[in-house]
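Trainee: Structure incoming, see below.
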Amino acid sequence: NEYIMSSKDLCTISFLDQVIEAGIRILKIEGRGRSPEYVKVTTQCYREAADSYIEGSYDQKKVNEWISRLKTVYNRGFWDGYYLGQKLGEWSNIYGSKATKKKIYLGKAKKYFTNLRVAEFDLETMQLNEGDDILITGRTTGVIETIAGEIRLNDKQVKVVKKGDNFSMKLAHIIRPSDKLYKVVDRE
């Protein structure tokens, strides 16, 4: 009942202190073929962990927080690898991701009005509510994680927009045409 060709993801953050003490100075974080938000979250967590070790504040509470954040993006479950004397690998017992969050595609950006700090979007599917967690990605934009603020439809403030709506939203970050808009929700 386990997927033998799908090993769990290597996660060394819980013993990164030992890795650094062993003299390791460079970490390779696998990100090819992964989403931009995966790369962002993973590199942020490992950077914070390394900095925390150097500052002397690396502890189990922080490790738990980093692991919790790592679980929000694509993963097949985590294991320590062969680093601590383990002889057999660990295999995933489900197909696909065990991420605690998932992104739902909503639509594309049309334009960004720099002076107003307002973005215009075409909602191609689903609906967006004021207060929803959102993710915007683009080749030049990178990854923006924020909360849907004031939404306007036909120059009127609304709480919800639906498939087919062309709407605008206050946004502090510059975005570009064709950037993708997602809603981020808890995985059920």
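Trainee: For a quick check: with amide H placed at 1.01 Å from N, whose amide H comes under 5 Å from V118's, ignoring anything fewer than 5 positions away on the same chain?
Mentor: For V118, whose amide H was placed from the backbone, the distant partners under 5 Å are F113, L171.
Trainee: Among DSSP beta bridges whose residues both lie in the chain, state the antiparallel percentage, nearest 5.
Mentor: So the antiparallel bridges in the chain amount to around 95 percent.
Trainee: Run the accessible area of the chain with a 1.4 Å probe and give the carbon-and-sulfur part as a rounded percent.
Mentor: 50 percent
Trainee: Once Rh is set to the Kirkwood radius over Cα pairs, what Stokes-Einstein translational diffusion coefficient, in µm²/s, holds for the chain at a temperature of 20 °C and a viscosity of 1.002 mPa s?
Mentor: Here the translational diffusion coefficient equals 115 µm²/s.
Trainee: Now, a different point. If r is the Cβ-Cβ distance from N166 to D186 and R0 is 30 Å, what FRET efficiency results, to the nearest 0.05? Mind showing how you got there, number by number?
Mentor: Values: r = 28 Å, r/R0 = 0.95.
For R0 = 30 Å, the calculated efficiency reads 0.60.
Trainee: Further, regarding this structure: Send over the semi-axes of the stretch 1-86's equivalent ellipsoid, whole angstrom and largest first, taken as the square roots of 5 times the C-alpha gyration tensor eigenvalues.
Mentor: With the √(5λ) rule applied to the stretch 1-86, the semi-axes are 22, 16, 12 Å.
Trainee: By how many degrees, between 0 and 90 and to the nearest 10, does the Cα long axis of helix 36-55 differ from the longest principal axis of the chain?
Mentor: Helix 36-55 and the main axis of the chain meet at about 50 degrees.
Trainee: Right, something else. For the chain, build the charge dipole from Cβ charges (+1 Lys, Arg; -1 Asp, Glu) around the Cα centre, then report which of I134, C45, V161 sits farthest towards its positive end.
Mentor: Selected residue: V161.
Trainee: Give, in nm to one decimal, the length gained when the segment between M126 and K98 is fully stretched (0.36 nm per residue of separation minus the Cα-Cα distance).
Mentor: 7.7 nm
Trainee: Cα axis of helix 60-70 to longest principal axis of the chain: angle in degrees, 0 to 90, nearest 10?
Mentor: 50 degrees
Trainee: What number comes out for accessible area per residue over the stretch 100-182 if the probe is 1.4 Å? Units Å², please.
Mentor: I get 58 Å² per residue for the stretch 100-182.
Trainee: Still on this structure, please answer the following. Would you compute, from DSSP H runs of 4+ residues alone, the mean residue ellipticity of the chain at 222 nm, taking -39500 (n - 2.57) per run and dividing by the full residue count, rounded to the nearest 500?
Mentor: Taken over the chain, the calculation gives -6000 deg cm²/dmol.
Trainee: Right, here's the next one. Between exposed chymotrypsin sites (Phe, Trp or Tyr not before Pro) in the chain, where DSSP calls loop and at most 16 other Cβ atoms lie within 10 Å, what's the longest gap?
Mentor: After excluding every exposed loop site, the longest remaining stretch is 96-188.
Trainee: Oh, and also: Note the full-extension length gain between L116 and R139 as 0.36 nm times their separation in residues minus their Cα-Cα distance, in nm to one decimal.
Mentor: 6.0 nm
Trainee: Continuing with this model, one more query. Which pairs, out of K61/K103; K8/K71; K110/K162; K61/K183; K98/K162, put more than 20 Å between their alpha-carbon atoms? Walk me through the numbers before you get to the answer.
Mentor: On the way: K61/K103 27 Å; K8/K71 12 Å; K110/K162 16 Å; K61/K183 29 Å; K98/K162 29 Å.
Beyond 20 Å between Cα atoms: K61/K103; K61/K183; K98/K162.
Trainee: Rolling a 1.4 angstrom probe over the protein chains, ignoring ligands and nucleic acids, what is the accessible area of T140 in square angstrom, nearest 10?
Mentor: T140 has an accessible surface of roughly 100 Å² with all protein chains in place.
Trainee: What span do the alpha-carbon atoms of the stretch 117-188 cover on each of the three principal axes, reported in whole Å from largest to smallest?
Mentor: Largest to smallest, the principal-axis extents are 33, 30, 20 Å.
The values are calculated or read from the model by the stated rules, or taken from the named source; none is laboratory data. The model shown is predicted, which means the values in this text are computed figures rather than measured ones. Cβ sites come from the backbone with ideal geometry, for glycine too, and all protein chains shown count toward neighbours. The accessibility values were calculated without ligands, DNA or RNA, using every heavy atom of the protein model including side chains. Shrake-Rupley method; radii C 1.70, N 1.55, O 1.52, S 1.80 Å.
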